[in-house]
Amino acid sequence: MNNQALVRARCILRANKLVHRPKEPATAGVQNLMSSRVASSSFQHHRFAFSSVAQQEQSSTDRRPSALEQANLDVITPGHSIFVLQKYAADGLALIRQSDFIKLCESARPGNMKDAKAIATALKEFRRNNRFVLQKAGARAAVEGMIRSSIPNYKELYGKPRLHAAVFVADQIIDEKTALYFAIETELVDQVLSEIQQALTEMEERGMQLKIEIKEKASGDEDDDEKLLFKTLRVTEGLVKVLVNRSVRPEFNMKKRAARNYLKRVQTVAGPELSTLKLATDIALSIGGAAVTQKDIVGPYAAAWWTKGVVDESILKAIADAESREEEAARAAAAAEEEAANTEDDSEAEEAGEGDEDAKDEKE
């Protein structure tokens, strides 16, 4: 009982102190509250700034070494690097760093096609097995590395090897399994198209006929040069369509899950620039002609909602001039065929007349 009475007395005294505490003016209380808040906010700001600096210093000093840093290879090539990274992420738990992939691409040797193929394999393997999200820097390193390795380092480089290399790189950009579609910039696509255009110019200077007949299905009788030109036209169309499809924001027409997965990977939605369209138009005109260019190059570009169907006048003029030249060449070819047919008929008539005269002479 004594303990209960003591506790009750303490509670009464505490309540009296709270009731009879002198009150401060409202303004003073507000000022004290504001000053305390300002002081606490400044303290929090300095504390957070100090903590961020400390975290940066700690991350720079205590960062865990990457897979290639742990391997400490004497010779770094794309083949050695992809072997190390595949073993490092074989269990599916470890993720491959973007910096390691960039090192892999930068180690590509000039004129070594094996290194270009190793970069293409790495793009496909890392995306499929290790949830690797390619970024802009990685895409630039990959494209530049493949161009450097696939173009032969001959003393005198002519068109056909350069064209093979550019078509190989363009194939990797078009293939969605490499994920270059999601991260490549328009500038790099223009670089690939410039390589194709330069190669075609060099081949034409050597006397090679670039114009081919476009067929719906290959007959199998085409020679290697014709197959290469047809593939060049196909990848040129593919590069333009890749940029156009990416720029029209296809995720708006996807289901939610597909759109989420797409947005996790896409790094840029840049479409084709005027320079891209001009390069693709020149390539398509030199190989396929005006009708193919209008249908497969300019058509998809004009159909994009952001172009509003407007195409640069210089491109339309180039197509119209090519079409007029093709019509003139067709008329000249038809006239030559008609003249050849008339000449053949005249020769046959002369031969028939000579035969009749010989027969009369024999009868006489």
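The values are calculated or read from the model by the stated rules, or taken from the named source; none is laboratory data. Please read these numbers as outputs of a predicted model, since none were measured by experiment. Glycine also receives a Cβ, built like all others from the backbone with ideal geometry; neighbour counts cover every protein chain displayed. Surface accessibility is based on the protein's heavy atoms, side chains included, excluding ligands, DNA and RNA. Shrake-Rupley method; radii C 1.70, N 1.55, O 1.52, S 1.80 Å.
Give me a count of the residues in the stretch 249-273 that are aliphatic (A, V, I, L, M) and crowded, with 18+ Cβ neighbours inside 10 Å. It would help to see each step written out before you state the result.
Let us first name the residues in the stretch 249-273 that are aliphatic (A, V, I, L, M), namely 254, 258-259, 263, 266, 269-270.
When the remaining residues are screened for being crowded, with 18+ Cβ neighbours inside 10 Å, the result is none.
Here the count works out to 0.
Let me spell it out: the conditions are (1) open to solvent by 40 Å² or more (accessible area, probe 1.4 Å); (2) at pLDDT below 90; (3) β-branched (Val, Ile, Thr), and Ile212 meets all of them except one. Which number is the exception?
Every condition holds for Ile212 apart from (1).
Per-residue answers, yes or no, for (1) small (Gly, Ala, Ser); (2) part of a helix (DSSP H, G or I); (3) at pLDDT 90 or above:
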{"site": "Lys103", "(1), (2), (3)": "no, yes, yes"}
{"site": "Asp115", "(1), (2), (3)": "no, yes, yes"}
{"site": "Gly138", "(1), (2), (3)": "yes, yes, yes"}
{"site": "Glu144", "(1), (2), (3)": "no, yes, yes"}
{"site": "Leu157", "(1), (2), (3)": "no, no, no"}
{"site": "Ala165", "(1), (2), (3)": "yes, yes, yes"}
{"site": "Glu187", "(1), (2), (3)": "no, yes, yes"}
{"site": "Asp190", "(1), (2), (3)": "no, yes, yes"}
{"site": "Ser194", "(1), (2), (3)": "yes, yes, yes"}
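Could you give me the residue pairs with C-beta distances under 7 Å whose first residue belongs to the stretch 259-270 and is closer than 13 Å to Tyr181 by Cα, whose second residue is among the basic types (Lys, Arg) and open to solvent by less than 30 Å² (accessible area, probe 1.4 Å) wherever it lies, and which are 6+ apart or on separate chains?
Val269/Arg246
If a residue must be assigned to a helix (DSSP H, G or I) and either in contact with a Phe, Trp or Tyr (Cβ under 7 Å, 6 or more places away or on another chain) or hydroxyl-bearing (Ser, Thr, Tyr) (or both), how many such residues does the stretch 123-136 contain?
The qualifying residues number 1.
Can you tell me which residues in the stretch 87-103 are under 18 Å from Ala142 (Cα atoms) and touching a residue at least 40 places away in the same chain (Cβ under 8 Å)? Give the steps one after another, and end with the answer.
Filtering the stretch 87-103 down to residues under 18 Å from Ala142 (Cα atoms) leaves 96-103.
Selection gives Gln98, Phe101.
Sort out which residues of the stretch 274-307 are more than 20 Å from Thr232 (Cα to Cα), touching a helix residue (DSSP H, G or I) at 6+ places or on another chain (Cβ under 7 Å) and surrounded by fewer than 15 Cβ atoms within 10 Å (Cβ to Cβ), and write them in order of number.
Trp306
When both residues are 6+ apart or on different chains and their Cβ atoms are under 6 Å apart, which pairs have a first residue that lies in the stretch 221-238 and is over 19 Å from Thr186 (Cα atoms), and a second that is open to solvent by less than 30 Å² (accessible area, probe 1.4 Å) and modelled with pLDDT under 90?
Matching pairs, first to second residue: Glu226/Ile212; Leu229/Ile212.
Residue-by-condition table, conditions (1) more than 23 Å from Ala166 (Cβ to Cβ); (2) in a loop (DSSP other than H, G, I, E, B):
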| residue | (1), (2) |
| --- | --- |
| Val75 | yes, yes |
| Gln86 | yes, no |
| Asp100 | yes, no |
| Ala108 | no, yes |
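Within the group Ala183, Ala179, Ala166, which residue is on the phi > 0 side of the Ramachandran plot, within 15 Å of the chain's Cα centre (by Cα) and aliphatic (A, V, I, L, M)?
Within the list Ala183, Ala179, Ala166, the selection yields Ala179.
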